[in-house]
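A.B. asks: Let me begin by handing over the structure; questions about it come next.
The values are calculated or read from the model by the stated rules, or taken from the named source; none is laboratory data. Everything quoted here is computed from the prediction, not taken from an experiment. Please note: Cβ atoms are built from the backbone with ideal geometry, for glycine as well, and neighbour counts cover all protein chains shown.
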Amino acid sequence: MPDKYKSLGSFHKYYTGASTAPCLTVVIGGNHEASGYMNDLFYGGWLAPKIYYLGAAGCIDVGGVRIAGYSGIYNSRHWGLGHYERAPFDSDTVRSVYHTREVEVRRLGMLGGREERPIDIIVSHDWPQRVAYGGNLEELFRKKKFLKKEVLDGSLGSPGGEWLLRELKPMWWFSAHLHVRYEATLRHEVSKGVREENDDMVGVEARKGPDCKVEEGIERLNEQFTRFLSLDKCLPRRQFLELLQIPRPEVEHGKEVRMTYDAEWMAVVKKTERWTSAGRGRVQVGNVERASKGEINDMEERIKARNGGTMDIKEEGFVMTAPGPRETEGRKMDRRMWKMGGVESLGNPQTDRIIDMIGIEHVTTVPWRGGGEGGGGGEERKTLSVEEVEKSVMDDDEIELDEEEEEDGGEGGGEGEDVEDDNEIDLDDEDEEGGDGNEIELEEKEEEEGRDTKKPRRGGMGMPEPVNKE
């Protein structure tokens with residue numbers, strides 16, 4: 001693990017309350033996050049006041065706008081596996097922990113499509129596969145010429161993301177990861193009046209891309225569009241921020257913006273509980289019917305009964321489960337707690353509450369070690385003391401390793417072995433010719449771990465093969 005990724009960054013200021021987000025913020029995880037903390041919020045929850053995490057995957061409602069998303073990046077080796085990673089992480093699991101699993105994408109695919117209760121926005125870190133064809137490829141290749149090969153051979157992005165894009169047809173899809181602003185418009189052609197649907201996805205601006213075969217005898221063709229937007233890295237003179245207007249349903253006009261749980265999503269999680277695995281083996285995800293209206297209504301009543309009679313996600317539910325860094329309660333945190341692997345999982349009372357609301361068991365998560373109730377509206381926030389945390393995670397017989405011995409050996413490497421990662425992306429500034437000549441040059445090169453250049457394992461999801469070009 002490169003030293004620059006071991007730095008703490010500034011998010012802890014939001015966690016401790018030293019800084020506050022200026023507005024309600026909904027986030028997912030990428031591939032440079034505090035994976036241990038996010039794992040404790042596997043089903044979603046407040047990372048900090050005003051900053052809500054969707055979880056490994058999730059769906060919520062904000063002011064009538066339905067937002068879904070999944071965390072991490074695609075990797076074929078871990079795609080079909082369970083969530084076997086446990087803190088403290090080793091040189092293998094510190095990477096695989098943020099690799100998206102098929103289970104999460106399949107669950108999202110069970111949500112109602114646009115014809116029923118539409119998904120307005122989907123958020124992912126890496127791009128859906130083939131989405132680049134819906135935009136200006138020449139402009140993309142000018143900014144990121146090293147992406148050209150993977151775009152043209154169909155290996156850029158997540159095949160699971162492409163499947164979900166076809167399945168749910170959201171109005172908007174937001175991504176990041178590739179350090180470039182890029183927009184695309186995808187047209188979904190859905191035929192009606194014939195026995196088989198043609199559900200091909202076609203890029204509106206694509207000059208070369210997947211052909212769309214239209215069946216004969218179509219009586220009526222409905223066109224639906226998804227607008228895709230990816231933003232650049234958060235640096236000076238880069239396009240990392242954009243304001244968009246997303247229309248709210250008419251019934252929500254004039255009402256206070258509320259963030260609420262999505263009963264259908266939680267019904268899906270309960271219905272597919274057997275898919276949740278903490279093992280390293282392949283998860284058998286078989287076909288499961290979507291949640292029925294009765295199951296969704298039952299889940300809504302269950303949530304309200306355990307959430308003060310409301311579907312609202314209460315900001316008062318945020319709980320500091322461990323002290324912040326530096327000076328806390330009159331003493332400094334032991335530096336061993338902030339080494340690469342982090343500390344053993346402490347759990348989170350927000351997860352305990354969500355698990356209780358859904359009616360499932362802890363599998364990939366653990367009960368909160370702080371004890372007592374947590375996450376309820378108006379309850380006093382309980383924070384573990386430094387002594388409590390150290391007692392639960394420190395081993396007096398632990399051997400201190402020099403930093404040189406803690407270097408990441410790459411995925412699949414043995415102990416202390418330095419193995420090149422086939423899935424590593426190099427987004428060096430040197431490769432970004434043709435960019436803004438006024439950009440500030442950084443001493444450090446940009447590195448990003450992510451795109452899998454191997455043929456994806458599709459795991460029976462019915463996803464199309466990539467378009468291969470000579």
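A.B. asks: Enumerate the pairs (first residue in the range 266-286 and surrounded by fewer than 18 Cβ atoms within 10 Å (Cβ to Cβ) and aliphatic (A, V, I, L, M); second residue anywhere and assigned to a loop (DSSP other than H, G, I, E, B) and modelled with pLDDT under 95) with beta-carbon separation below 9 Å, excluding pairs fewer than 6 apart on the same chain, so at least 6 apart or on different chains.
C.D. replies: A278/R86
A.B. asks: Something else: Counting only residues that are assigned to a strand (DSSP E or B) and over 11 Å from the mean Cα position of the chain (by Cα), which one in the range 27-58 is nearest to E273 (Cα to Cα)?
C.D. replies: Within the range 27-58, the match that is nearest to E273 (Cα to Cα) is G45.
A.B. asks: State whether one or more residues within the range 2-21 are over 11 Å from the mean Cα position of the chain (by Cα), assigned to a strand (DSSP E or B) and of a type outside the set (S, T, Y). Give the steps one after another, and end with the answer.
C.D. replies: First, pick out the residues of the range 2-21 that are over 11 Å from the mean Cα position of the chain (by Cα): 2-21.
Of the ones still in play, those that are also assigned to a strand (DSSP E or B) are none.
No, the range 2-21 contains no residue that is over 11 Å from the mean Cα position of the chain (by Cα), assigned to a strand (DSSP E or B) and of a type outside the set (S, T, Y).
A.B. asks: Return only the number of the condition from (1) assigned to a helix (DSSP H, G or I); (2) closer than 30 Å to A18 by Cα; (3) of a type outside the set (A, V, I, L, M, F, W, C) that D61 does not satisfy.
C.D. replies: Here D61 clears every test but (1).
A.B. asks: Please state which one of D40, D61, D92 is in contact with a strand residue (DSSP E or B) (Cβ under 8 Å, 6 or more places away or on another chain) and surrounded by fewer than 24 Cβ atoms within 10 Å (Cβ to Cβ).
C.D. replies: Every option except D61 fails the conditions.
A.B. asks: To continue, here is another question. Scanning for something closer than 21 Å to V105 by Cα, in contact (Cβ under 8 Å) with a residue 12 or more places away in the chain and in contact with a His (Cβ under 7 Å, 6 or more places away or on another chain), does the range 17-28 turn up at least one residue?
C.D. replies: yes
A.B. asks: Quick check on the range 247-270. Is at least one of its residues modelled with pLDDT of 90 or more and closer than 19 Å to G135 by Cα?
C.D. replies: For the range 247-270, residues modelled with pLDDT of 90 or more and closer than 19 Å to G135 by Cα: absent.
A.B. asks: Hey, among E139, E115, E150, E183, which residue is assigned to a strand (DSSP E or B) and at pLDDT 60 or above?
C.D. replies: Exactly one of E139, E115, E150, E183 is assigned to a strand (DSSP E or B) and at pLDDT 60 or above, namely E183.
A.B. asks: Can I ask one more? G69 versus (1) closer than 30 Å to E256 by Cβ; (2) under 16 Å from the mean Cα position of the chain (by Cα); (3) small (G, A, S); (4) part of a loop (DSSP other than H, G, I, E, B): which is the lone unmet condition?
C.D. replies: (4)
A.B. asks: Within the range 291-307, can one find any residue that is among the aliphatic types (A, V, I, L, M), within 30 Å of H32 (Cα to Cα) and either modelled with pLDDT of 85 or more or part of a loop (DSSP other than H, G, I, E, B) (or both)? I'd like the intermediate steps shown before the answer.
C.D. replies: Residues of the range 291-307 that are among the aliphatic types (A, V, I, L, M), as a first pass: 291, 296, 299, 303, 305.
Those left that are additionally within 30 Å of H32 (Cα to Cα): none.
Within the range 291-307, not a single residue is among the aliphatic types (A, V, I, L, M), within 30 Å of H32 (Cα to Cα) and either modelled with pLDDT of 85 or more or part of a loop (DSSP other than H, G, I, E, B) (or both).
A.B. asks: Pick from G324, G341, G317: which is surrounded by 20 or more Cβ atoms within 10 Å (Cβ to Cβ) and at pLDDT below 90?
C.D. replies: Result of the check over G324, G341, G317: G317.
A.B. asks: Here's something else I'd like to know. Only one residue in R282, R274 is among the basic types (K, R) and more than 19 Å from G55 (Cβ to Cβ). Which one?
C.D. replies: Step by step, each of R282, R274 is checked, and only R282 is among the basic types (K, R) and more than 19 Å from G55 (Cβ to Cβ).
A.B. asks: If you go through the range 73-112, how many residues are modelled with pLDDT of 95 or more and part of a loop (DSSP other than H, G, I, E, B)?
C.D. replies: 17
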